[in-house]
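To start, the structure under review is shown below, and the notes come after it.
The values are calculated or read from the model by the stated rules, or taken from the named source; none is laboratory data. Computed from a predicted model, the values in this text were never measured in an experiment. Heads up, the Cβs are rebuilt from the backbone with ideal geometry, glycines too, and the neighbour counts pull from every protein chain shown. With ligands, DNA and RNA removed, areas are computed over all heavy atoms of the protein, side chains included. Shrake-Rupley method; radii C 1.70, N 1.55, O 1.52, S 1.80 Å.
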Amino acid sequence: VLYSGRNENFVQPVIDAFTAATGIAVDVRYAGTGELATTIIAEGDSTPADVFWAQDPAFIGGIAKQGLLAELPDEVLDLVEDRYADADGRWVGITGRSRVLVYNTDLVSQDELPDGVWDLTEPEWAGRFGVAPSNGSFVAFVTGMVLAEGEERTLEWLEGIAANDPVIYDGNGPIVDAVVAGDLDAGLVNHYYLLQRIDQLGEVPAANHFFPSGDPGGLVMATGAGVLATSENRDAAVALIEHLLSAESQAHFLTLFEYPLVDGVGTPDGQVPLGELPTLDISLTDTADTLEPALALIAEAGLT
Amino acid sequence: MTTASPPAVIPAPKPSFRQRRRASGTLWALAIAVTIPGAAPILHLVWTVLRPGGFDAGGISAARLGQLFGSTAILVASVTVTALALGTATAWLTTRTDLAGRGMWSMLVSLPLVIPSYVGALAMLGSSGNSGVVSLALDAVGLPKLGVFNGFWAAWGALSLWNFSYVHLITTPALRRMDPTLEEAARGLGASGWRTMRDVVLPQLRPALLSSSLLVGLYVISDFGAVSLLRYETFTRAIYTQFRGRLDVTPALFLSGILVLAALVLVLVEQRNRGRASLAARRATRPPQPIRMGTPGRWAAYGFLGGIVTAALVLPLVTLGWWAVQGMSLGNVFDPVLSEATRSTTVALVAAVVTVAAALPVAILTVRHPSRPARILEAVSWSTYSLPHLAVGLGFLVLSIRFVPAVYQTVTLLVVAYVAMFLPQALAATQAGLRQVGASLEDASRSLGSGSLATLGRITVPLVWRSLLVGGALVFLTVIKELPATLLLRPTGFETLAVRIWSASSELFYTQASVAALVLVGISAIPLYLLVTRDLHR
């Protein structure tokens, strides 16, 4: 059983290929990463899940911290760069995604674009941007910000955002849709939503704006997968993760515009290579430690 | 929720000496057994809050709770008032006036019940904003586009539009049964039309209005999909946010417990009020004289009914259809969601049959052997029914993991949860049926030597089968639309239509979401047709 915080269109083709190649049937439970993480913790030792694949390092790190994940073999961990895997080897990154500001090119001019996330607390952005504070990807970004800038500064930023009249959404998708439709000027999202929209709809009046290196907004997050410690099918579970890191699967993720974390598979169409993306110098493993503070700060700032 | 009105609205006939016969132990055991699954999650949630240290473990500040109560209460109050006004108006126009096509209008204003509120909300989003269907249509004729529907006003509109039909369905038979001589007397004594309405008609409608406002109010509290899509913060949505935003499930359970306590208070308040509300016991001796409408009034009425039907029925269907067509023209694969439709229909059918069967012992116990303990059993099942499905679902999730892991994430647990949540729908219908047939035939059968079981099978069930069918149809309709508990408790891989609509729309696969929604609406129309023809023409 795979608990997948990634959506069905993204995952199912790869699972079908796995079953075809190995004869191992995989039941996939699709839901949000946060929902599944909470469910796994509530299930504890009796979880039916063998593998958990999360959108973000923070939530899977939280599961790992509770001792619910088994260590992965080195040959699996070695498939990706060290910084995209858990320092203790309990989860491994599958794909990479960058945080961006998606903006409507008719409504936002080039010189207005922010130099960093702090600009969004300025008056000229009041009421013009969307955020999804209850969504795992926003939470994960805040965990990174806490690591990079500390709790106090992060709270200051969150309160600045909350005071700047943001439009609150549940997820990234609706933000991108609103920006594409011109109902919203801009929004903090992951990079691939817009690229998938362009792929579906053709030309749209929207673009991704990357924050510069060192800015907490410019963060590459790994979607991490791990094997549950209670799994009775550990070999099959490890095989599934290996399959997610196979060249074939990684190439599939590429067509959906996420960054393959295995070297040499390629770069999404029209995108900067992974190594050249602006990023933040933090350890993704540590985001598990800042998850609870991040959630508390978001609540304290009243971003709901 | 449902068109079933809470039980005490139908005034129980005084039990004759014969009906006071003692109930058998088997009957009690059965009735208690089917009520337990509903009581367990409530008790667990209440305990989460009230146990020592519950408040601290919840970790939700009092200020935040106050805020959530406020925003939820405003929505509940405004939607209830609006739905009452709309539903009473449509019921009155279609029963008491001489408008043409009253039967057709009555049917049309009941049909929005096939549209779950989250589907309605989805359609509202799809029709408004810069690229919305209605916006594009307005733009084409040179009118300004609609702004995006969201926040309070959108949630208010959506929940009013997709709930007022309950009021219509409950008020219509009440208006029809009402004795017209009272009104005629009032008019004869010189009271104006409005005064007659206020002082004579509305007081007689009180029981119907009270039970429909409870129904609508509880629905608003429990709604999860529409307020999430339209981005209005209520208690139920906050439970979900806590559930997915935190690693620990306790804060979500805590909020659910608080909500359970609040809903119980609401049910109690309604039951107190109901005691004073038994004015409409007299039956009409003849149909009332239809009120003749003047030409302007007639056109205003047509405009009103037409407007409502357009907003609640035509627009969502057009929007969904447009999405489906547009998606396919963009080359999206047409997915007929056949396996989802099969799963939804099967699980709803099974749940309906089991619920009706489970309701039978409770109904027999409460109608044939009324007693205080029997009333308590009945009240227990009504309280589960009145709770947000998300809260009940969380309760079942946690309890089954802890105590019966064997059924966790199985269809069995899902069906048990449905039965626990929707038992009163079948119960109310069965009780009404039992009251109508009386006990004399059953007694005769027993006195001729038939056992209890044989009497049940040969006499009781055949006599009330129509009521059982109605109860089953109601449960089917509710189960197939149910979203939050299904999301939490479904077996892995068991995607139903409701789950598909939800996941596809949150991933922006609108083509798939709209096709699934249209299929769901189509399937729901069948049991609704059955219910509407029963409710409106009896």
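If you scan segment B:107-133, which residues turn out to be modelled with pLDDT under 80 and open to solvent by 10 Å² or more (accessible area, probe 1.4 Å)?
B:ASN130, B:SER131, B:VAL133
Quick one: B:SER524 ticks every box in (1) within 18 Å of the chain's Cα centre (by Cα); (2) open to solvent by 10 Å² or more (accessible area, probe 1.4 Å); (3) under 17 Å from B:VAL337 (Cα atoms); (4) not aromatic (Phe, Trp, Tyr) bar one, so which box is it?
So B:SER524 meets the others, but not (2).
Examine segment B:397-416 for a residue that is in contact with a helix residue (DSSP H, G or I) (Cβ under 6 Å, 6 or more places away or on another chain), open to solvent by less than 20 Å² (accessible area, probe 1.4 Å) and farther than 21 Å from A:THR39 by Cβ, and state whether such a residue exists.
Within segment B:397-416 (the criterion being in contact with a helix residue (DSSP H, G or I) (Cβ under 6 Å, 6 or more places away or on another chain), open to solvent by less than 20 Å² (accessible area, probe 1.4 Å) and farther than 21 Å from A:THR39 by Cβ), the answer is no, since none of the residues qualifies.
Please work out which residue is farthest from the other protein chains (Cβ to nearest Cβ), limiting yourself to segment A:170-187 and to residues that are in contact with a Ser or Thr (Cβ under 9 Å, 6 or more places away or on another chain) and under 21 Å from A:GLY136 (Cβ atoms).
By that ranking, first place goes to A:ASN172.
Pick from A:VAL92, A:VAL11, A:VAL28: which is touching a residue at least 60 places away in the same chain (Cβ under 8 Å) and in contact with a strand residue (DSSP E or B) (Cβ under 6 Å, 6 or more places away or on another chain)?
A:VAL92
Go through (1) more than 12 Å from chain B (Cβ to nearest Cβ); (2) open to solvent by less than 10 Å² (accessible area, probe 1.4 Å) and name the single condition A:PRO133 misses.
(1)
Quick one: A:GLU71 ticks every box in (1) away from chain B (no Cβ under 14 Å); (2) outside any loop (DSSP other than H, G, I, E, B); (3) open to solvent by 10 Å² or more (accessible area, probe 1.4 Å) except a single one, so which number is it?
Unmet condition: (2).
Any chance you could count how many residues in segment A:175-205 are in contact (Cβ under 8 Å) with a residue 24 or more places away in the chain and not aromatic (Phe, Trp, Tyr)?
The qualifying residues number 20.
Can you tell me how many residues within segment B:438-450 are open to solvent by 40 Å² or more (accessible area, probe 1.4 Å) and not polar (S, T, N, Q)?
So the count comes out to 5.
Please enumerate the residues belonging to segment B:464-506 that are crowded, with 21+ Cβ neighbours inside 10 Å, over 18 Å from the mean Cα position of the chain (by Cα) and of a type in the set (D, E, K, R).
B:ARG490, B:GLU495, B:ARG500, listed by residue number.
Can you confirm whether A:ASP269 is at pLDDT below 80, surrounded by fewer than 17 Cβ atoms within 10 Å (Cβ to Cβ) and either closer than 27 Å to A:GLU71 by Cα or in contact with a helix residue (DSSP H, G or I) (Cβ under 6 Å, 6 or more places away or on another chain) (or both)?
Numbers: at pLDDT below 80: yes; surrounded by fewer than 17 Cβ atoms within 10 Å (Cβ to Cβ): yes; either closer than 27 Å to A:GLU71 by Cα or in contact with a helix residue (DSSP H, G or I) (Cβ under 6 Å, 6 or more places away or on another chain) (or both): no.
No; evaluated as a whole, the condition is false for this residue.
Every residue, every condition in (1) more than 17 Å from the chain's Cα centre (by Cα); (2) among the small types (Gly, Ala, Ser); (3) at positive phi, yes or no:
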position	(1), (2), (3)
B:SER61	yes, yes, no
B:ALA73	yes, yes, no
B:ARG96	yes, no, no
B:ALA100	yes, yes, no
B:PRO112	no, no, no
B:ILE115	no, no, no
B:GLY120	no, yes, no
B:MET124	yes, no, no
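If A:ILE175 passes every condition in (1) under 23 Å from B:LEU122 (Cα atoms); (2) hydrophobic (A, V, I, L, M, F, W, C); (3) modelled with pLDDT under 90 but one, which one does it miss?
(3)
Go through the residues of segment A:250-264 one by one and say whether even a single one is over 21 Å from A:ASN7 (Cβ atoms) and either in contact with a Phe, Trp or Tyr (Cβ under 6 Å, 6 or more places away or on another chain) or in a loop (DSSP other than H, G, I, E, B) (or both).
Yes - at least one qualifying residue is present in segment A:250-264.
I'm trying to understand the selection: among the residues of segment A:34-55, which are open to solvent by 10 Å² or more (accessible area, probe 1.4 Å), within 18 Å of the chain's Cα centre (by Cα) and either more than 7 Å from every other protein chain (Cβ to nearest Cβ) or modelled with pLDDT of 90 or more (or both)?
A:GLN55
Answer yes if at least one residue in segment A:224-235 is under 19 Å from A:HIS191 (Cα atoms) and outside any loop (DSSP other than H, G, I, E, B), and no otherwise.
yes
Check whether at least one residue in segment A:197-215 is more than 30 Å from A:ALA163 (Cα to Cα), within 14 Å of chain B (Cβ to nearest Cβ) and acidic (Asp, Glu), and report yes or no.
Yes, some residue in segment A:197-215 is more than 30 Å from A:ALA163 (Cα to Cα), within 14 Å of chain B (Cβ to nearest Cβ) and acidic (Asp, Glu).
Name the residue, out of B:LEU520, B:LEU508, B:LEU487, that is within 14 Å of chain A (Cβ to nearest Cβ), closer than 27 Å to B:PRO112 by Cα and touching a residue at least 12 places away in the same chain (Cβ under 8 Å).
Values: B:LEU520 fails: within 14 Å of chain A (Cβ to nearest Cβ); B:LEU508 fails: touching a residue at least 12 places away in the same chain (Cβ under 8 Å).
Result of the check over B:LEU520, B:LEU508, B:LEU487: B:LEU487.
Across segment A:56-68, what is the total count of residues that are away from chain B (no Cβ under 11 Å) and assigned to a loop (DSSP other than H, G, I, E, B)?
2
Of these, A:LEU261, A:LEU274, which one is hydrophobic (A, V, I, L, M, F, W, C) and over 27 Å from A:ALA37 (Cα atoms)?
Working: A:LEU261 fails: over 27 Å from A:ALA37 (Cα atoms).
Step by step, each of A:LEU261, A:LEU274 is checked, and only A:LEU274 is hydrophobic (A, V, I, L, M, F, W, C) and over 27 Å from A:ALA37 (Cα atoms).
Collect the residues in segment B:67-100 that are among the small types (Gly, Ala, Ser) and open to solvent by less than 40 Å² (accessible area, probe 1.4 Å), keeping them in residue-number order. Before the answer, list the steps.
Filtering segment B:67-100 down to residues among the small types (Gly, Ala, Ser) leaves B:70-71, B:73, B:77-78, B:83, B:85, B:87, B:89, B:91, B:100.
Residues satisfying the conditions are B:GLY70, B:SER71, B:SER78, B:ALA83, B:GLY87, B:ALA89, B:ALA91.
Looking at B:VAL380, B:VAL337, B:VAL354, which one is modelled with pLDDT under 85, open to solvent by 30 Å² or more (accessible area, probe 1.4 Å) and within 30 Å of B:TYR240 (Cα to Cα)?
B:VAL380
Can you tell me which residue is farthest from the other protein chains (Cβ to nearest Cβ) among those in segment A:277-304 that are under 21 Å from B:ARG231 (Cβ atoms), in a helix (DSSP H, G or I) and open to solvent by less than 50 Å² (accessible area, probe 1.4 Å)?
Only one residue fits best here, namely A:ILE298.
When you go through (1) in contact with an Asp or Glu (Cβ under 6 Å, 6 or more places away or on another chain); (2) of a type in the set (A, V, I, L, M, F, W, C); (3) crowded, with 20+ Cβ neighbours inside 10 Å one by one for A:LEU107, which number turns out not to apply?
(3) is the only condition that A:LEU107 fails.
What is the number of the single condition among (1) hydrophobic (A, V, I, L, M, F, W, C); (2) under 23 Å from B:ALA252 (Cα atoms); (3) more than 10 Å from chain B (Cβ to nearest Cβ); (4) open to solvent by 10 Å² or more (accessible area, probe 1.4 Å) that A:ALA20 does not meet?
It fails just one condition, (2).
Which residues, taken from segment B:175-210, are within 28 Å of the chain's Cα centre (by Cα), in a helix (DSSP H, G or I) and surrounded by 15 or more Cβ atoms within 10 Å (Cβ to Cβ)? Can you show your working first?
So in segment B:175-210, the residues within 28 Å of the chain's Cα centre (by Cα) come out as B:175-178, B:197-198, B:201-210.
Retained after the next criterion (residues that are in a helix (DSSP H, G or I)): B:175-177, B:197-198, B:201-210.
B:LEU175, B:ARG176, B:ARG177, B:MET197, B:VAL201, B:GLN204, B:LEU205, B:ARG206, B:PRO207, B:ALA208, B:LEU209, B:LEU210 - these are the residues of segment B:175-210 that are within 28 Å of the chain's Cα centre (by Cα), in a helix (DSSP H, G or I) and surrounded by 15 or more Cβ atoms within 10 Å (Cβ to Cβ).
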